[in-house]
Each structure stands twice: as structure tokens, then as C-alpha cells.
Amino acid sequence: MKMIKTKAAIAWEPNQPLSIEEVDLMPPQKGEVLIRIVATGVCHTDAYTLSGTDPEGIFPSILGHEGAGIVEAVGEGVTSLNVGDHVIPLYTPECGKCKFCLSGKTNLCQAIRTTQGKGLMPDGTTRFFKEGKPIFHYMGTSTFSEYTVVPEIAVAKISKDVPLEKVCLLGCGITTGMGAVTNTAKVKSGDSVAVFGLGGIGLAVIMAAKTVGASRIIAIDINPEKFDLAKKLGATDCINPKDYDKPIQDVIVELTDGGVDFSFECIGNVKVMRSALECCHKGWGESVIIGVAGAGEEIATRPFQLVTGRVWRGSAFGGVKGRSQLPLIVEDYLKGKFSIDDFITHELPLEDINKAFDLMHEGKSIRTVIRY
Ligand code: NAD
Ligand code: DAO
Ligand code: ZN
Ligand code: ZN
């Protein structure tokens, strides 16, 4: 196979609009596959990296990590995927062999961590080029390109019966929120929950909390336009911190007779992370950090909050092992166990991808799906 041309949105430098250009894409090498991306969501993490505050942000690069597509070609030695397979690229791979995969304790496979964090394929080179100069990969996925090359261990093979322009959102946002509830926190029927930040992640937390039978789901956001959808997905109370002149954790503790069983931070704001911990019930309340904070930022609380039984933990990709577990989540979607449509507020062609970032920053979208 020869080099191909692909249309891609290039992030040439931080804080600049993406530039839609044709770039060269090398064929998949040993252990890699070529995927035609059919659709991709735009997640806040793409905006975070584009803003320049991501310590792993590398430029020029092709962002995007919430995609779905079809395998177009496979490299030497690829055995688990074939041309025509429907797939979701994984920014959290699953090799099944590393210490982390074998631990049974985490989804954070480390097999290709070093090169992925440097915007490279596992052999230490890139597949994207512009006029002979390398363009870096992003999170091992680079779904803001019509064609992308991804390591075999970073690809989940899914049912051919689901629309790719919907299940692309399972490549990050919806899976992350749902998994944080079911895998990380293990919320049970009757538990009370507080959710800080009502974007794609927070709303997926609410949807999953409702599904497992949470008794009370308190949704918190400074943008009240998010409240209608939060209620539709299961929120019992919607709170805007701007409406109160005391810390929001005090408001929630009063509302819930001592605090919630579980809270989730879905913003990436270290001050809100403190509120999320401190609104948890003394003795047993657990707070899960999902939001990604800016480089160098630190969380703080009084240690006595932990001494008295509150627990702080975190969740990446909802604790989901992509190759073995994501296909089962896709099956659940096929069975009608949860909604994706509610999350898709806008659809745009790649040419308009910068508008997707504007809509996110203006608080007008939950997810924009880019269709190729
Ligand atoms: P989003 O921008 O769509 O939503 C964020 C929401 O937070 C918005 O509704 C906004 O109004 C609200 N908000 C902002 N400041 C607030 C404040 N001070 N108090 C209350 N609400 C506030 O973002 P998203 O795509 O849902 O992503 C949310 C976070 O999750 C981001 O930090 C993203 O990087 C992170 N993320 C983490 C993982 C993971 O695996 N851990 C995966 C995906 C995304
Ligand atoms: O294994 O050290 C590691 C890094 C794993 C990356 C997990 C990323 C989760 C948070 C980033 C948000 C993704 C959209
Ligand atoms: Zn994401
Ligand atoms: Zn592994």
C-alpha cells in the first residue's frame, strides 16, 4: 500500500483555529491499522489541549479522540482486525499483556504509553506528514482526520448494526461518565449523588446514576441552560452556585442531611474538586475526579475531611477496558439500555470544526458530531 492523501484539521499551534488541509498519511506499519473515520465528537479535552495548557500537548498535531469508523487496511502481523470491521479508536489501549492489563485493577494499559504521550506511533515515528514534515498524532487516535492510523491494541471492534455517527460518542464522553458511576464509584440503588458540570461527561454520569437507581441526583452548573437536559436524563435537583452566597458544599450538605454518598467532578476546576469532596457524607462519602485540571494545578482540602471518612478517587475513560468491554457497551446501546441522541446537540462537516469549539466555549452544545 502507498501513502494516501487525507483531509484533516491541523492544530498548527496553541490557541489558533484548526486549519483544514490535505495531508499525507503513510500506510499502517507492523501492528497498526488504517481507519476511515466516519464521525467524531468534539470533547472538552480537545479544547484543553488546543488551549496550550495540556502538558502533553504537542504541535503541530491532529486532535480528536472520540471517533468511530471502518478498517480500510491492516499492517503486517495484525490478527484481530480485518478490512471492513467497524471500530472505535481507543486513547486508552488494551494490550492484555502488560503489568497493568494483567493486574485486573485498572484500565490504564501502559504498553504504548511513552510514544503515545509524545504524539508518536509505537515505533517512535509519525504517519502524518505535510510537505515532508511530520505532524504529530494525538492520544494515539487523531480522529479529526478522515483517515487515521492507530495501533491494533488501541482499536475496539464493534457491532456493524450501530450507527457510527452516534456511537462515536462512546469513544470518550458517554463511556467515561457511565463508567465512572458503574466501575469507579459503583453507585447502587438508593444512593445519593452530586454531579458538578453538566457537559457530555456530567450528563452521562446523571444518566448512569438514574439507571442504577440513585435516589437523589443533584446537578450543579453555573450555566442554567444545562438544567433541562439534566432533568430529562434523571437529575432530581438542579443548583446554580451563583444563586447562593455560601459555599456550594454547604448548600448540598444541608439539602441532603449531611452530604451525598457519591460526587463527581466533571469540569477540571480544582476549586470545584474541593467542593465535590466536601459535599460528601462524613464517614463514607466518595468523590470521583473526572475533569482534567490545567498543568501544574493542585487540589486542596483539610486532611481531616479524609480522616473522617470521605474518599477522593479518580477515573480515566470510566475505568473501561476498551477492547474487551467497550463492544459490550455498544451492545447495550443496541438493546436500547441508554440514549446517545440526547447528547448530540449539533452536527457539522469537518470544514466547520472550529464552530464546534465555539459552541462548546459558549455553553451552547453538549456534543457536536463531525461527519466526514
Ligand atoms: P464541557 O465543557 O462540555 O462541560 C463542562 C461543564 O462544566 C459546562 O456545562 C460548564 O458550564 C460547567 N462549569 C464550568 N465551570 C463550572 C463551575 N465553576 N461550576 C459548575 N459548573 C461549571 O466538558 P466535557 O466534555 O463534559 O468534559 C468535562 C471534563 O472532563 C473536562 O475537564 C474534560 O477534559 C474531562 N474529561 C475527562 C475524561 C477522563 O477520562 N477522566 C474523559 C473525557 C473528558
Ligand atoms: O496511563 O498515564 C496514563 C495516561 C492515561 C490517559 C488517560 C486519559 C484520561 C484523562 C484524559 C481525558 C481524555 C479525553
Ligand atoms: Zn474526551
Ligand atoms: Zn496493557
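Since every read-out is calculated from the coordinates, none of them should be taken as a lab result. All figures in this text were calculated on a predicted structure; none of them were measured in a lab. Don't worry about glycine lacking a Cβ; one is built from the backbone with ideal geometry, like all the others, and counts go over all protein chains shown.
Between residue 263 and 194, 286, 287, 288, the built amide H atoms are under 5 Å apart, and every one of these is 5 or more places off in sequence or on another chain. Is there a pair in 7/271; 232/335; 188/282 whose C-alpha atoms are over 29 Å apart, and which pairs would that be? Distance filter (> 29 Å) returns 7/271. Note on the stretch 199-330: Rg/Rh from Cα positions, Kirkwood definition for Rh, rounded to two decimals, is 0.96. The alpha carbon convex hull volume per residue for the chain rounds to 128 Å³. Between the listed residues 218, 190, 295, the Cα displaced farthest toward the positive end of the dipole of the stretch 177-316, a dipole computed from Cβ unit charges relative to the Cα centre, is found at 190. Peptides 309-318, 18-27 ordered by packing proxy, namely the average of other Cβ atoms within 10 Å per residue, highest first: 309-318, 18-27. Remark: the stretch 289-333 carries a charge dipole of roughly 200 debye about the Cα centre, counting +1 on each Lys and Arg Cβ and -1 on each Asp and Glu Cβ.
Listed values for the stretch 334-347 are Karplus-derived 3J(HN,Hα) couplings in whole Hz (6.51 cos²θ - 1.76 cosθ + 1.60, θ = phi - 60°), namely 4, 7, x, 6, 7, 9, 10, 3, 4, 8, 8, 8, 9, 10, and x replaces Gly and Pro.
Legend: ranking of residues 304, 59 from fewest to most surrounding C-beta atoms inside 10 Å; resulting order 304, 59.
Karplus-based coupling profile of the stretch 103-115, in residue order and whole Hz: 5, x, 10, 7, 9, 7, 3, 10, 4, 10, 4, 5, 6, with θ = phi - 60° in 6.51 cos²θ - 1.76 cosθ + 1.60 and x standing for Gly or Pro.
In terms of packing, defined here as the mean over residues of other Cβ atoms within 10 angstrom, the peptides 4-16, 100-112 line up highest first as 4-16, 100-112. Highest GNM mean-square fluctuation among 233, 63, 328, for the chain modelled with Cα contacts below 10 Å: 328.
Based on the alpha-carbon gyration tensor of the stretch 256-372 and its eigenvalue square roots a ≥ b ≥ c, which shape applies: rounded if a/c is under 1.5, prolate if not and a/b is larger than b/c, or oblate? Because a/c hits 1.5 or more and a/b exceeds b/c, the stretch 256-372 counts as prolate. Short to long, the 5 Å bins of the Cα pair-distance histogram for the stretch 24-150 hold 2, 12, 20, 24, 23, 14, 6, 1, 0 percent of all pairs.
Listed values for the stretch 17-28 are Karplus-derived 3J(HN,Hα) couplings in whole Hz (6.51 cos²θ - 1.76 cosθ + 1.60, θ = phi - 60°), namely x, 5, 10, 7, 9, 8, 10, 8, 10, 6, x, x, and x replaces Gly and Pro.
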